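Shown next, in structure tokens, is the structure this report addresses.
The values are calculated or read from the model by the stated rules, or taken from the named source; none is laboratory data. Just so it is clear, the model here is predicted, and its values are computed rather than measured. As a convention, Cβ positions derive from the backbone with ideal geometry for all residues, glycine included, and neighbour counts pool all protein chains shown.
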Amino acid sequence: MAKKSKQVLSKKSDAERRLRQADRLARILRVLQLLQSRGRWNAESIAEELEVSTRTVQRYMDVLELAGVPWWNDKKHICYRLRPDYTFPVINLTDDEVIGLATATAATQAPGLDINAGARPTSHKLAASRDEIESLLIEATRFTEVLDLKLADHSKHREVIRTIQWALLKRQQVTGNYVSPYEPKPVKLTLHPYRICLIKSAWYLIGKPLDGDQPQTYRAARFKSLRMLNVPAQIPGDFDLKDYFGDAWAVFRGEQTYEVELLFTADAAQVVTETQWHHTQKVKRHKDGTATLTFRVDGLNEIVRWVLGWAGRVQVIQPPELRELAIDQHRHAIEINLKGSQRRSGRFT
């Protein structure tokens, strides 16, 4: 038992040592970034910026000197200076890699994906390092845009998503108020966070309630408040997101698995087969232009809404339960619209 405890302590100390080393390296790189930016930086101002002592700053400067960074002390203006032609060496990116970064920059600026700074700061830093990278990045970013993704608006929930991300990285529990459409009032939750993921059109937190046995799915935008606790979270090392969702159509996994077969009309076949709607999707095209799509899904409540969107251009072949759900929903829609039409007719006659 004592030997095992020593091994655990040794692993923990090694992890802490690597964390301290990474933190020190990050601070040294931050000093280099400050020296490359506009303004005058000396030991006192850098110490204040990094919240360290001036002696620590001097040790950072010594490391930079050993690394070959050409800095000197400008006694006239009382600040550190870098040689004007110096640039920090960067990874030798290929043109395709630069274009990939430009695509990531454009994507992470799109509404719904702009949950943090995204790839833009990285692009700017790389662009400043070499003229050829800067030119290609500017051109690629200018010609690449992401529009109208139909994602949920998370502009008011960036802090919630950021809290989830940091709680996962630090392995801490989170607590907050959650508004569910299935509950009469907000619910106070304390969770062990497992994952954060983007599914279909929104960001979700997968977490296990403190008083629960199984993880559950929570839509990030429904948290009215969320904060990280200084309490360790229990995150299973073998948790697998794909296993968790199984063959759910989107985010809510039903208890029963169904083999779904849908026949699309010729005018819809070309459009519907252009997209991979589900990871189990299979397509069979027919000589008359129609197409059959098959899926294996856990639960029908989500896929039926998708089927209804193709009304008049799809026939449910299997299972009969899905066919009945679709018929019931169509009848309900007709009733609602007929009542609305009758009310308006009566109002204006």
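Within 15 Å of the chain's Cα centre (by Cα), of a type outside the set (S, T, N, Q), outside any strand (DSSP E or B) and in the same structural domain as SER225 (by TED's automatic domain parsing) - does that describe any residue in the stretch 173-181? Checking the stretch 173-181: not a single residue is within 15 Å of the chain's Cα centre (by Cα), of a type outside the set (S, T, N, Q), outside any strand (DSSP E or B) and in the same structural domain as SER225 (by TED's automatic domain parsing). Of the set (1) in contact (Cβ under 8 Å) with a residue 60 or more places away in the chain; (2) more than 30 Å from PHE143 (Cα to Cα); (3) of a type in the set (Val, Ile, Thr), all apply to ILE28 but (1).
Mind counting the residues in the stretch 271-297 that are within 20 Å of GLU255 (Cβ to Cβ) and crowded, with 18+ Cβ neighbours inside 10 Å?
So the count comes out to 3.
Looking at the stretch 260-268, can you tell me whether even one residue there is part of a loop (DSSP other than H, G, I, E, B) and modelled with pLDDT of 95 or more? Scanning the stretch 260-268 turns up at least one residue that is part of a loop (DSSP other than H, G, I, E, B) and modelled with pLDDT of 95 or more. List the residue pairs whose Cβ atoms are under 6 Å apart, where the first residue sits in the stretch 36-62 and is in the same structural domain as HIS124 (by TED's automatic domain parsing), the second is buried (at least 17 other Cβ atoms within 10 Å of the Cβ), and the two are 6 or more positions apart or on different chains. The qualifying pairs do not exist here. Of the helices (runs of 4 or more DSSP H) lying entirely inside the stretch 13-125, the ones with 1 or more residues being of a type in the set (Ser, Thr, Tyr), more than 30 Å from GLU159 (Cβ to Cβ) and more than 30 Å from the chain's Cα centre (by Cα) are found at 54-66.
Among residues of the stretch 314-349 being surrounded by fewer than 11 Cβ atoms within 10 Å (Cβ to Cβ) and within 30 Å of THR294 (Cβ to Cβ), the one that is modelled with the lowest pLDDT is ILE334. Considering THR273, THR280, THR290, the condition of being over 27 Å from TYR182 (Cβ atoms) and in contact with an Asp or Glu (Cβ under 9 Å, 6 or more places away or on another chain) is satisfied by THR280 alone.
Just so you know, in the stretch 182-200 the residues that are in a strand (DSSP E or B) and hydroxyl-bearing (Ser, Thr, Tyr) include one that is farthest from ASP243 (Cα to Cα), and it is THR190. Within the stretch 201-238, being in a loop (DSSP other than H, G, I, E, B) and more than 18 Å from the chain's Cα centre (by Cα) holds for LEU210, ASP211, GLY212, ASP213, GLN214, PRO215, ALA233, GLN234, ILE235, PRO236, GLY237, ASP238. Determine, yes or no, whether ALA311 is of a type outside the set (S, T, N, Q) and touching a strand residue (DSSP E or B) at 6+ places or on another chain (Cβ under 8 Å). It is false that ALA311 is of a type outside the set (S, T, N, Q) and touching a strand residue (DSSP E or B) at 6+ places or on another chain (Cβ under 8 Å).
Return the residue satisfying two criteria in turn: it lies in the stretch 245-256 and is at pLDDT below 95 and surrounded by fewer than 17 Cβ atoms within 10 Å (Cβ to Cβ), and of such residues it is farthest from LEU300 (Cα to Cα). Out of the qualifying residues, it is VAL251.
Counting just the residues of the stretch 140-158 that are assigned to a helix (DSSP H, G or I), touching a residue at least 12 places away in the same chain (Cβ under 8 Å) and not polar (S, T, N, Q), which one comes out surrounded by the fewest Cβ atoms within 10 Å (Cβ to Cβ)? Quick ask: steps written out before the conclusion?
Keep residues of the stretch 140-158 that are assigned to a helix (DSSP H, G or I), which gives 140-143, 158.
Filter once more, so that each one left must be touching a residue at least 12 places away in the same chain (Cβ under 8 Å): 140-141, 158.
Next, only the ones that are not polar (S, T, N, Q) stay: 140, 158.
On the way: ALA140: 19, ARG158: 13.
Step by step, filter the stretch 140-158, then rank; the result is ARG158.
Looking at the stretch 164-216, which of its residues are surrounded by fewer than 13 Cβ atoms within 10 Å (Cβ to Cβ), of a type in the set (S, T, N, Q) and closer than 20 Å to ASN116 by Cα? The one that is surrounded by fewer than 13 Cβ atoms within 10 Å (Cβ to Cβ), of a type in the set (S, T, N, Q) and closer than 20 Å to ASN116 by Cα: SER201. Determine, yes or no, whether ILE317 is touching a Ser or Thr at 6+ places or on another chain (Cβ under 8 Å) and either in a helix (DSSP H, G or I) or of a type in the set (Val, Ile, Thr) (or both). Taking the combined requirement at face value, the residue satisfies it. Would you say LYS284 is farther than 18 Å from LEU191 by Cα, among the basic types (Lys, Arg) and assigned to a strand (DSSP E or B)? When the stated conditions are applied, LYS284 passes them. Checking the structure you have, find out if any residue of the stretch 287-308 is assigned to a loop (DSSP other than H, G, I, E, B), free of Cβ contacts under 8 Å to residues at least 12 places away in the same chain and closer than 24 Å to ILE199 by Cβ. No - not one qualifying residue is present in the stretch 287-308.
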